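One structure is given below, encoded as structure tokens.
The values are calculated or read from the model by the stated rules, or taken from the named source; none is laboratory data. As the structure is a prediction and not an experimental result, all values here were calculated from the model. Methodologically, a virtual Cβ is constructed for each residue, glycine included, from the backbone with ideal geometry; neighbour enumeration extends over all protein chains shown. Just the protein is used for accessible areas: all its heavy atoms, side chains included, with ligands, DNA and RNA removed. Shrake-Rupley method; radii C 1.70, N 1.55, O 1.52, S 1.80 Å.
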Amino acid sequence: EPQRIVVTHKMLGLNKATFELPQPMTAQRIAQDFEASITNALPFGMYRVNEQSAADHFDVSRTIIRELLSRFQDRGLLRKDLKSHWVIGPLTALDVAHYYAIRAKLEPLALLESAPMLAPDLVSKMHARASAQSQAAEDLTLEELERFETDMHVTLLANCPNPHLLRMIHQSQIALSVNQVFAETVGTKPSSLALMEHCIVLEYLIRGSWKAAADALEEHLNLSAARTRKRLMAFSVFPEPNLPGYLRRISA
């Protein structure tokens, strides 16, 4: 009869002490840290990314660094200058105004197309979470802050059948980085007003009032634009963050 044989590391010529599971794809492994450093630099001025220094920092090839930089370029996080150098920032108050103007038109449009396909229990859970958070806005952690923004500006729009619309929205959401960096720098949490604005959008969705929800989202984005511009202006009095060596400050 067939015999069951237990295959060991030794039988395969492997050392059990040094055997490791396959690691995630290299680009995916470093993408989060790489993107975070670029996002942190955005409000503080103009920086150049040194490809070789970045490759040395993450212990990867320049090909992988270029692949990630191209992805970040597609999202609007950086660009190439006339000499083909990778350049970050500066993110100005006018930039923020322009990005929010785009978002205020495109996100409500995506919500109108996505809302009819949202699961009612999903919206109810979001509303319960936002209502609870609005009562303790000052106690939110950075993870809860990120979830707070993702619920409204990603999850609610995700069922929109127009991928090109969603791509343009994603690119215009670069201004969200200002709020994220501001929270990390000074510990400021979202205002209870912003949370209440989220609740209003969600209440209309629960009622099935898609147009009213889209109008409320547009108003929320217009109010958020003013709050974000004020936060961006405050960065002028903050010291430059401790950025990695592959980001080199340059004059505008």
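Yes or no: the range 87-98 includes at least one residue that is open to solvent by 30 Å² or more (accessible area, probe 1.4 Å), modelled with pLDDT under 90, in contact with a strand residue (DSSP E or B) (Cβ under 8 Å, 6 or more places away or on another chain) and farther than 19 Å from V181 by Cα. For the range 87-98, residues open to solvent by 30 Å² or more (accessible area, probe 1.4 Å), modelled with pLDDT under 90, in contact with a strand residue (DSSP E or B) (Cβ under 8 Å, 6 or more places away or on another chain) and farther than 19 Å from V181 by Cα: absent. Within the range 149-171, the residues that satisfy the criterion of being touching a Leu at 6+ places or on another chain (Cβ under 7 Å) and in a helix (DSSP H, G or I) are E149, L156, L157, L165, L166, M168, I169.
Within the range 208-234, which residues are assigned to a helix (DSSP H, G or I) and over 21 Å from A101 (Cβ atoms)? Of everything in the range 208-234, those that are assigned to a helix (DSSP H, G or I) and over 21 Å from A101 (Cβ atoms) turn out to be W210, A212, A234. Does D74 satisfy being surrounded by fewer than 14 Cβ atoms within 10 Å (Cβ to Cβ), at negative phi and within 16 Å of the chain's Cα centre (by Cα)? Judged against the criteria, D74 is a match.
Take the range 141-151 and flag every residue that is buried (at least 18 other Cβ atoms within 10 Å of the Cβ) and either at pLDDT below 80 or in contact with a Pro (Cβ under 6 Å, 6 or more places away or on another chain) (or both). If the condition is that a residue be buried (at least 18 other Cβ atoms within 10 Å of the Cβ) and either at pLDDT below 80 or in contact with a Pro (Cβ under 6 Å, 6 or more places away or on another chain) (or both), then L145 is the only one that fits. Could you check how many residues of the range 106-130 are basic (K, R) and exposed (fewer than 14 other Cβ atoms within 10 Å of the Cβ)? So the count comes out to 1.
Selection over the range 212-252 of residues that are polar (S, T, N, Q) and within 16 Å of F44 (Cα to Cα) gives a count of 4.
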